[in-house]
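Notes for the one structure printed next.
Read-outs: derived from the displayed coordinates by stated rules, not from any lab. Quick caveat: nothing in here was measured; it's all calculated off a predicted structure. Note that we place each Cβ from the backbone using ideal geometry, even for glycine, and neighbour counts take in every protein chain shown.
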Amino acid sequence: MGRYVLRRLLQMIPVFLGTTFLIYVLVWAVPGDPFAGKCGERDCPDSYVSAMREEFNLDDPVVVQYGEYLLNLVRGDFGRTSSGVEVSDRIVETFPVTLRLALVALVVEAVIGITAGVVSGLRNRGFLDSLVLVSTLFLISIPVFVTGYVVQLVFGLQLGWISPTVSTPTFGGLIVPGLVLASLSMAYVARLSRASISENRRADYVRTALAKGLPQSRIVGVHVLRNSLIPVITFLGTDLGAFMGGAIVTEGIFNVPGIGGLVFRSVQTKEGAMVTGLVTVLVLVYLVMTLVVDLLCAVLDPRIRYE
Amino acid sequence: MSEVDHSGALLEVEDLRVEFRTRDGVASVLNGVSYHVAAGETLAVLGESGSGKSVTAQAVMGILDTPPAFVTGGAVRFHGEDLLRATPERRRVLRGSGLAMIFQDALSALNPVFTVGFQIEEQLRVRLGASRRDARQRAIELLDLVRIPGAKQRVREYPHQFSGGMRQRAMIAMSLALDPELLIADEPTTALDVTVQAQIMDLLAEIQAERNTGLVLITHDLGVVAEVADRIAVVYAGRVVEHADARDLFRSPGHPYTAALLESLPRLDQRGSALHTIRGLPPSLLAVPPGCPFHPRCPRARDVCRTEVPAQVALGSGRVSACHFAEEVVSGG
């Protein structure tokens, strides 16, 4: 296991280099003046442009630029934006907010999704089963930006039950955006657990457990659930990674000061240093999450052994 | 033992009827299966695939998949108590401690994500309230009993880390955990190779002798039957067509189907000659032929066989055959 983890960590290096290089090239090497529009209506003064070109090594070949950037990253220096803000400061500000939002979404997705999946998977074609199938289909077919705006409009503005935007990004304040962010995945989790449960409850080992005279609650709660949750956990794990980087729409609607909104604004204003810095962090998060998921699977399913 | 009174029997199955209600119609899977087993006795239930051997066992255990399977009639008496009329909770309590089952394919019958030890221990902990440590100790003893080498270490391993034979031994150990009075072994050796088959059968026979357990051995293997069975129930199309002492049955079969089965055995003294087969296929349970279900394949079939279901004919010494011409058959006529 130790060797496996080490090998996986080493494999992360080329993946990390490849993705960061790609994003670096995309941000800095595309045609167009990176400093156009930075000085309002006027053209930027030559002195500013040359200072910036110096700051970002823009006169070097792109590979050299990237090398410089990497070296700085290793030293913990994410660089500065064109207005002189430390990128790392902004990441430290926004990352905890997004992490909180992602965790809220994960809990919502896991609790509601798995419960709905188990309940409907245990009975065939009952009312509850149909209810889960129809409601998940409904959720799956609506894009998040629609769900988000509808929730905001109905519950925030018309009924006034919730604050339409997030004023304080605490766990409590993030429940509604978390629900919206989780809605789609929640439906997938419900369907995945439903399929998994209804397949496993017909398995031979369930009949064995029955023949052993175990109570139904234990057969379902221990034998069926443990086997059924393996694919669900895999999905949840990768989804947590996706939540961290992919909450742009939800964060935008509810005005959550998280990484998603920051990425969006940075792309719009062509803040190259900010975009590369954020994407680098997100790539790292994703890589670590996949490794955690793979290791978790080996814990849940003893047949998976990593050499 | 007399013909009708099996009051000494541990398990008595009487006229058991089960049907499967499927989208394609109702299949009568069991059309009156009767057999009985006493403590310390081995009853072999012999039949082709799909004849209803396993369904009978599952109905006896109370673990049929309902739906599609429904018990529509008959009785299953354990110590005289009709299990079909018992409460679900009463039946659950009897499973494992009164009647236990050994399944055919131990790899899929054991839960892949729990250790073998856990799966033995959970019965002791849930059913008897044993402590974790006592249950572990008992699990090791049980694995020792079924002669799994290094039981202390293997108790912590998962089913996929066991070989086929070892898995079946573990399965047997699991079935013995609550000290059942009756074991139902559903083709326990079918998934194993021949040498391992013999070891498992020896183990079962030994355990049975030691504990005076009743054993219902479900099999399609005449060789296995000949070695261990005291009595044999031959099942065809959901009916017991012959029920007899093993020795009697092998000496002179009392039903044409039994006779055909025995003839189909390869024999060392008939090298070079073609193997006997039973022509035709077992009937579809959605459309069992009228009359005797075996008549389309029976060399002795006459008109009466096509129209009338044969009654159980008593042939003496507890022997029963469901053939219009049972006496003729048994006397070799």
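Using a 10 Å cut-off around each Cβ of peptide A:213-223, what is the average number of partner chain Cβ atoms that fall inside? Let's see the in-between values first.
Details: counts 18, 7, 4, 2, 0, 2, 0, 0, 0, 6, 5.
Neighbouring Cβ atoms belonging to other protein chains average 4 per residue here.
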Per residue convex hull volume, Cα only, segment A:115-217, in Å³ is 135
Cross-link reach from B:LYS152 to aspartates and glutamates, straight Cα distance under 18 Å and at least 8 residues apart if same chain, gives B:GLU121, B:GLU122, B:ASP134, B:GLU141, B:ASP144
Ranked by GNM mean-square fluctuation in chain B (Cα springs under 10 Å), the top entry among B:VAL234, B:VAL71, B:VAL304 is B:VAL304
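So what is the diffusion coefficient of segment B:36-119 in µm² per second by Stokes-Einstein at 10 °C and 1.306 mPa s, using a Kirkwood Rh over Cα pairs? Write out the running numbers ahead of the final one.
Details: Rh = 14.8 Å.
Reported coefficient: 107 µm²/s.
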Computed over segment A:185-305, the convex hull of the Cα set has an average projected area, in nm², of 9.6
Interchain or sequence-distant (5+) residues whose placed amide H lies within less than 5 Å of the amide H of B:GLY73 are B:ARG17
Residues whose built amide H sits under 5 Å from the amide H of B:VAL240, excluding neighbours closer than 5 in sequence, are B:SER34
Computed over segment B:259-333, the convex hull of the Cα set has an average projected area, in nm², of 6.5
The set of residues whose placed amide H lies less than 5 Å from the amide H of B:LEU315, leaving out same-chain residues fewer than 5 positions away, is B:VAL320, B:SER321
With the dipole of the protein assembly as shown defined by +1 on each Lys or Arg Cβ and -1 on each Asp or Glu Cβ, the option from A:GLY173, A:PRO302, B:GLY316 whose Cα lies farthest towards the positive pole is B:GLY316
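At 222 nm, what helix-only mean residue ellipticity would chain B give, in deg cm²/dmol to the nearest 500, using -39500 (n - 2.57) for each DSSP H run of four or more? Before the final figure, lay out the partial values.
Numbers: 13 runs with 116 residues, N = 333.
Computed mean residue ellipticity for chain B: -10000 deg cm²/dmol.
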Whole-Hz Karplus couplings 3J(HN,Hα) for segment A:120-133, θ = phi - 60° and coefficients 6.51, -1.76, 1.60, Gly and Pro as x, run 7, x, 7, 10, 9, 6, x, 5, 4, 4, 5, 4, 5, 4
Scalar couplings 3J(HN,Hα) for segment B:225-237 by Karplus 6.51 cos²θ - 1.76 cosθ + 1.60 (θ = phi - 60°), nearest whole Hz, x for Gly and Pro, are 4, 4, 6, 10, 6, 7, 10, 10, 10, 8, 10, 9, 6
Cα-Cα pairs in the protein assembly as shown separated by more than 38 Å, as a whole percent of all pairs, come to 53
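Could you order the peptides B:209-215, B:32-38, B:53-59 from most to least packed, using the average number of other C-beta atoms within 10 Å per residue? Walk me through the numbers before you get to the answer.
Working: B:209-215: 16.7, B:32-38: 22.1, B:53-59: 23.9.
Result, highest mean Cβ count within 10 Å first: B:53-59, B:32-38, B:209-215.
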From the Cα centre of segment B:304-333 to that of segment B:179-250, the distance in Å is 24
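Just tell me how shielded B:109-118 is by partners: mean number of partner chain Cβ atoms within 10 Å of each residue's Cβ, no decimals.
Average per residue, whole number: 5.
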Checking segment A:96-159 for trypsin sites (Lys or Arg not before Pro) in a loop per DSSP with at most 13 other beta-carbon atoms within 10 Å yields A:ARG123, A:ARG125
At the level of C-alpha centres, the distance separating segment B:34-63 and segment A:102-128, in angstrom, is 40
Taking the alpha-carbon centre of each part, the distance from segment A:231-307 to segment B:114-166 in Å is 42
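Quick check for me: using +1 on Lys/Arg Cβ and -1 on Asp/Glu Cβ, what's the dipole size of the protein assembly as shown about its Cα centre, in debye to the nearest 20?
On the way: 59 positive and 63 negative charges, 119 e Å.
I would put it at about 580 debye.
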With Cα coordinates, the longest principal axis of chain B makes an angle with the long axis of helix B:164-176, in degrees rounded to 10, of 80
Helix A:2-28 sits off the longest principal axis of the Cα atoms of chain A, rounded to the nearest 10 on a 0 to 90 degree scale, by 40
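Helix-only mean residue ellipticity at 222 nm, chain A, DSSP H runs n ≥ 4 weighted -39,500 (n - 2.57), per residue, nearest 500. What is it? Walk me through the numbers on the way to the answer.
Values: 12 runs with 211 residues, N = 307.
It lands at -23000 deg cm²/dmol.
Working from the alpha-carbon coordinates of chain B, get Rg over Rh, Rh being the Kirkwood radius. Show your work: numbers first, answer last.
Numbers: Rg = 20.6 Å, Rh = 20.9 Å.
Answer for chain B: 0.98.
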